[in-house]
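Notes follow the structure.
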Amino acid sequence: MKTILLTGFEAFAGLPSNPSQAIALALHDQNVGEARVVAKILPVDGIKAPEILKKALTELEPDVVLMLGLAQGRPQIALERVALNVLEYRIPDNSGVTRRGERVLEGANDALFSSLPIPEILKVWRDAKIPAYVSDSAGTFLCNQIMFLARVWRPNIPAGFIHLPADETLAVENHQAFVPLEFQSRAVRLALEVIASLNQT
Ligand code: PCA
């Protein structure tokens, strides 16, 4: 049976929650098609998150890595196409560290593409009437950082990132676009079904 490593992030920026955490935890230890999902929640910490990701990759040797994170203010679910070898934190991480003008990994490529089947995932979402789009920037904070590292550390497996919009819990706090958590969760599950059925894994 294949193993899918599914990561989410803890809350950050003073927010009460992070939909990526709730969704990843709800899918932990579930079977999706021929694959078993193992969820890990990463701290929003530029040192600890890479350490936990690396440990999970070594211990689980997953066939696929799907990473989730929150992008408040985005109107829809976004499948990231590319991760940049740049750290340009616009806010401090949860340990109070701000990194500016640094590389994720010295000597590595400037950018790495997602190795997930982007067109297939978009099609499944479209058929299910889930509004979503391909994003050409995962930002320059933690989400971009771990997407980049996953592609460097496991170049030969499908690995990529989904940015989730605010959910209802976050949106009641301020006036912003949101997609209900239940709906987001369905989108992630559908993406996992596509990924689980990949031939190359
Ligand atoms: N979103 C942030 C980091 C953690 C998260 O969920 C980002 O987009 O980089």
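Where a number appears in this text, it was derived from the coordinates with a stated rule and is not lab data. What you are looking at is a predicted structure, and each value in this text was computed from that prediction instead of being measured. A quick note on method: Cβ atoms are made from the backbone with ideal geometry, for glycine too, and the neighbour counts reach across all protein chains shown.
For the stretch 100-201, state which GluC sites (Glu not before Pro) are in a DSSP loop and have at most 15 other beta carbons lying within 10 Å of their beta carbon.
When the GluC sites (Glu not before Pro) of the stretch 100-201 are filtered for loop state and at most 15 Cβ neighbours within 10 Å, GLU106, GLU173 remain.
Choose one answer from ALA24, ALA35, ALA111: the residue with the largest mean-square fluctuation in a GNM of the chain with alpha-carbon springs under 10 Å.
For the chain, modelled as a Gaussian network with Cα springs under 10 Å, the answer is ALA111.
Give the order of SER185, SER114 when sorted by the count of other beta carbons within 10 angstrom, beginning with the fewest. Don't skip to the end; give the middle numbers.
On the way: SER185 18, SER114 23.
Placing the least packed residue first, the sequence is SER185, SER114.
Just flag the trypsin sites (Lys or Arg not before Pro) in the stretch 78-128 sitting in loop per DSSP whose Cβ has no more than 16 other Cβ atoms within 10 Å. Can you show the working numbers first?
On the way: sites: ARG81, ARG90, ARG99, ARG100, ARG103, LYS123, ARG126; in loops: ARG81, ARG90, ARG99, ARG100, ARG103.
Passing both the DSSP loop test and the Cβ count: ARG90, ARG100, ARG103.
Using only helices, what value at 222 nm comes out for the chain when you add -39,500 (n - 2.57) per DSSP H run of length 4 or more and divide by the total residues, to the nearest 500 deg cm²/dmol? Numbers along the way, then the final one.
Values: 6 runs with 64 residues, N = 201.
That comes out to -9500 deg cm²/dmol.
Counting DSSP beta bridges in the chain, what percent are antiparallel, to the nearest 5?
On the way: 8 of 30 bridges.
Given both bridge residues lie in the chain, the antiparallel proportion sits at roughly 25 percent.
Using alpha-carbon positions, what is the distance between the centroids of the stretch 126-140 and the stretch 159-177, in Å?
Centre-to-centre distance over Cα atoms comes out at 13 Å.
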